Amino acid sequence: MEISKLPAEARKRRSAEIRAFLRSRRARVTPADVGMAAGSGRRTPGLRREEVAVLAGVGVSWYTWLEQGRDINVSAEVLDAIARVLRLDAAEREHLYLLAGLNPPTALPADRSVPAGIRRVIDGWLPRPAYVIDRHWKLVAVNRAAGLVFGYGERDHSCLVSFFTNIHFRASLCGWEDAARQIVGLFRADAARYPDDPEFGRIAEDMCAVSPTFATVWAEHPVGSATEGVKSLVHPAAGELTFDYTMLPVADLPGARLLLYTPAEGTPTQERVAALLAGARDESEPEPEPEPVP
């Protein structure tokens, strides 16, 4: 039932319930759980509101209104993003849907907006990493190699957010500071291409709230346009990896890009990534059943 159609007393109880529920779930997830640095002088036992908002890809004000139980428009996609950040189980996710006034779906919806041909490209690019980001730098398709090499998991909804908030990503990437300037410059250039899209300003404002580095670089107004380059990182299992990457537009998704990574020549990157994939495949295979004793 729509929240606005509930009696006043019921709306009041619902607001109190969703406020208490989201606060309790936010308190149990630590910054370390999502790969963020805790920082000093922290009074919040778990994640702050602005951190949940950025990690879920929603506005800080919007998430605050949701947690306050205000009568706002919500979507399944946004609730699922919040559920992933707060690590809600199936029952808790269903409870969040009901509190928000939506019918819970039976399963998490898969993103099907990426054309089938592009999905075949990124899957066929294995054992090399490949992924697709949309106009706002959200990850919409990631192959296994990219997930393993760059650490993109189901809770990583945005490569921009992961770059600036995930301490493990920052520690592994070589030349992180230079890459940060390049990424901010590219994002600012994208924002200029879509002056009527307020989402870019919202993302930048939220990123400034949770990442002092992003705020500092953003204030310097760098602008970039590179579509290819070199990325080096030290993977905890595979060691040093170096890739040449190419960024290509996706015609059927305005503003989206396909990123293809190729192991740099003269480096052991290709063999190390292949071994990483093989090791992950072996770990995912079930152990054989013991043979019966005659």
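The values are calculated or read from the model by the stated rules, or taken from the named source; none is laboratory data. Keep in mind the model is a prediction, meaning the values are calculated, not measured. Glycine also receives a Cβ, built like all others from the backbone with ideal geometry; neighbour counts cover every protein chain displayed.
For the stretch 157-185, how many residues meet the condition of being in a helix (DSSP H, G or I), out of contact with any helix residue (DSSP H, G or I) (no Cβ under 9 Å at 6 or more places or on another chain) and either over 17 Å from Ser225 (Cα atoms) or at pLDDT 95 or above (or both)?
2
The residues of the stretch 237-248 that are surrounded by fewer than 16 Cβ atoms within 10 Å (Cβ to Cβ) and in contact with a helix residue (DSSP H, G or I) (Cβ under 7 Å, 6 or more places away or on another chain), listed by number, are Ala237, Gly239. If I filter the stretch 136-155 for residues that are among the aromatic types (Phe, Trp, Tyr) and either surrounded by fewer than 22 Cβ atoms within 10 Å (Cβ to Cβ) or over 14 Å from the mean Cα position of the chain (by Cα) (or both), do I get at least one hit? Yes, the stretch 136-155 has at least one match. In the stretch 190-235, the residue that is nearest to Thr269 (Cα to Cα) out of those that are among the small types (Gly, Ala, Ser) and exposed (fewer than 14 other Cβ atoms within 10 Å of the Cβ) is Gly229.
Per-residue answers, yes or no, for (1) out of contact with any His (no Cβ under 8 Å at 6 or more places or on another chain); (2) without any contact (Cβ under 8 Å) to a residue 12 or more places away in the chain; (3) of a type outside the set (Phe, Trp, Tyr); (4) surrounded by fewer than 14 Cβ atoms within 10 Å (Cβ to Cβ):
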| residue | (1), (2), (3), (4) |
| --- | --- |
| Leu47 | yes, no, yes, no |
| Ala56 | no, no, yes, no |
| Ser61 | yes, yes, yes, no |
| Leu66 | yes, no, yes, no |
| Val74 | yes, no, yes, no |
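Taking residues in the stretch 121-145 that are on the phi > 0 side of the Ramachandran plot, and partners anywhere that are polar (S, T, N, Q) and assigned to a strand (DSSP E or B), the pairs with Cβ atoms closer than 7 Å and at least 6 places apart or on different chains are Trp137/Ser158. Within the stretch 163-191, no residue satisfies the criterion of being without any contact (Cβ under 8 Å) to a residue 12 or more places away in the chain and under 19 Å from Lys138 (Cβ atoms). Within this structure, Gly279 fails the test of being at positive phi and modelled with pLDDT of 85 or more.
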